[in-house]
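Working notes, structure below.
The values are calculated or read from the model by the stated rules, or taken from the named source; none is laboratory data. Only a predicted model underlies this, so the values are computations on that prediction, with no experimental measurement involved. In this analysis, Cβ positions are derived from the backbone assuming ideal geometry, glycine residues included, and neighbour counts consider all displayed protein chains. Heavy atoms of the whole protein, side chains included, go into the accessibility calculation; ligands, DNA and RNA do not. Shrake-Rupley method; radii C 1.70, N 1.55, O 1.52, S 1.80 Å.
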Amino acid sequence: MDYTILRPSIEGQTAILTISRPQALNALNSRFFEEMDFYISEISSDGKIRALIITGEGKAFVAGADIAEMVNMSPDEGRAFSEKGQAVFTRLGDLPFPVIGAINGFALGGGMELAMACDFRIASANAKFGQPEVNLGLIPGYAGTQRLPRLTNLADALYLLTTAEVIDAATALQMRLVQKVTEPENLLDEARRLASQIASKGPLAVKLVKEVTRKGLRMPFTEGEKLECHHFGDPFGNEGAEGMKAFLEKRKPLW
Ligand code: CO8
């Protein structure tokens with residue numbers, strides 16, 4: 001597929017995906033979801049990637065779903081647009097390595113939902129977050145109502161969802177919506193540093209820890225314990241044996 005909105009690149013074991021539709025502040029349209037879906041398939045079969053960074057070009061990460069595309073939709077078309085977007089964001093979160101949101105500016109509506117679909121987020125000090133859907137008489141459609149209270153808490157989530165208040169990066173950090181804030185000029189290097197840090201760990205262990213943690217949130221505690229126990233055994237005899245041997249031999253593991 002020809003990418004017209006996404007700009008993918010690979011630096012060593014890190015993939016970087018830049019959303020590049022700055023004339024519309026990177027608003028998410030159908031074409032974006034087609035390209036994203038294709039890119040996820042492409043990257044999930046590339047065995048050497050250890051982390052994906054998602055960022056935006058220009059002053060926005062993403063300023064929301066494309067309002068111009070949605071304005072004349074019927075209720076059924078709205079539902080279909082939501083369903084497609086939710087499925088793509090779920091596939092993104094299910095990638096077998098961490099997905100880091102590098103939030104460079106406005107992350108509003110569908111943009112904040114995309115940021116929340118990443119495994120964790122770092123933000124530039126000038127980033128802005130909000131769920132302004134109620135300003136338009138809408139509700140979030142890419143699982144924002146579900147991810148936001150899970151990442152923050154019920155009251156903070158309902159506060160943001162009902163007031164449509166736009167918050168700055170420092171407030172987002174306080175709410176634990178983002179994990180780090182950097183100066184704008186350091187954002188991508190900090191994301192690269194985190195990606196390299198993760199790439200130096202056992203790749204099977206990183207994949208499993210992400211899978212068990214994410215799946216565990218969707219099941220009762222005791223089921224999650226069983227899932228962890230099951231996968232705890234997987235690295236023994238291969239990657240885990242090398243990691244433990246390397247520790248005992250006081251050397252770096254060879255993954
Ligand atoms: N959709 C379409 N176009 C957009 C969007 C958007 N979400 N945001 C900005 N643009 C366009 C503007 O229309 C403008 O285009 P043009 O130059 O042709 O007039 C261009 O981007 C630049 O924008 P501004 O001139 O407005 O830039 P400012 O710096 O003055 O303002 C803001 C920046 C504050 C970010 C402002 O653009 C804004 O408020 N944008 C809309 C934010 C918003 O409401 N986002 C939520 C959208 S709804 C949503 O995301 C629902 C998600 C769930 C959908 C589920 C599927 C059904």
Give, in nm to one decimal, the length gained when the segment between Glu249 and Arg7 is fully stretched (0.36 nm per residue of separation minus the Cα-Cα distance). 82.8 nm
Might you tell me the accessible area per residue for the chain, computed with a 1.4 Å probe and given in Å²? 51
Hits among aspartates and glutamates - C-alpha to C-alpha of Lys226 under 16 Å, sequence gap 8 or more where chains match: Glu211, Asp234
For the chain, with all protein chains present and a 1.4 Å probe, just round the carbon and sulfur fraction of the accessible area to a whole percent. 58
Label model pair Leu136, Glu225: point-to-point distance (7 angstrom along the Cα→beta-carbon line) in nm is 4.5
What FRET efficiency, computed as 1/(1 + (r/R0)^6) with R0 = 35 Å and r the Cβ-Cβ distance, is obtained for Ser200 and Asn29, rounded to the nearest 0.05? 0.40
Label-to-label distance, nm, for residues given as Gln179 and Asn72 (7 Å Cα→Cβ offset): 4.4
Return the distance in nm (one decimal) between the two label points of a simple spin-label model at Lys84 and Arg214, each offset 7 Å from Cα along Cα→Cβ. 2.2
I want to verify a result. In a Gaussian network model of the chain, Cα cutoff 10 Å, which of these has the top mean-square fluctuation: Ala127, Ala80, Ala164? Ala80
Added length on full extension, which subtracts the Cα-Cα distance from 0.36 nm per residue, Phe120 to Ser20: 33.9 nm
How large is ³J(HN,Hα), in whole Hz, for each residue of segment 209-218 in order, when computed from phi with the Karplus curve 6.51 cos²θ - 1.76 cosθ + 1.60 and θ = phi - 60°, using x for Gly and Pro? 5, 5, 4, 5, 5, 5, 5, x, 5, 9
Have a look at the chain and give its Rg and Dmax from the Cα atoms, expressed in angstrom. 18.9, 66
Pop out the ³J(HN,Hα) list for segment 72-84 in order, Karplus 6.51 cos²θ - 1.76 cosθ + 1.60 with θ = phi - 60°, rounded to Hz; leave Gly and Pro as x. 9, 6, 7, x, 5, 5, x, 4, 5, 5, 5, 4, 4
Please list the three semi-axes, largest first and in whole Å, of the ellipsoid equivalent to segment 203-248, using sqrt of 5 times the eigenvalues of its alpha carbon gyration tensor. 24, 10, 7
Provide the per-residue ³J(HN,Hα) series for segment 163-168, in order, calculated from phi with Karplus coefficients 6.51, -1.76, 1.60 and θ = phi - 60°, each as a whole number of Hz, with x at glycine and proline positions. 8, 6, 5, 9, 10, 8
Is segment 105-250 rounded, prolate or oblate when judged by the Cα gyration tensor, a ≥ b ≥ c being the square roots of its eigenvalues, rounded requiring a/c under 1.5 and prolate requiring a/b larger than b/c? oblate
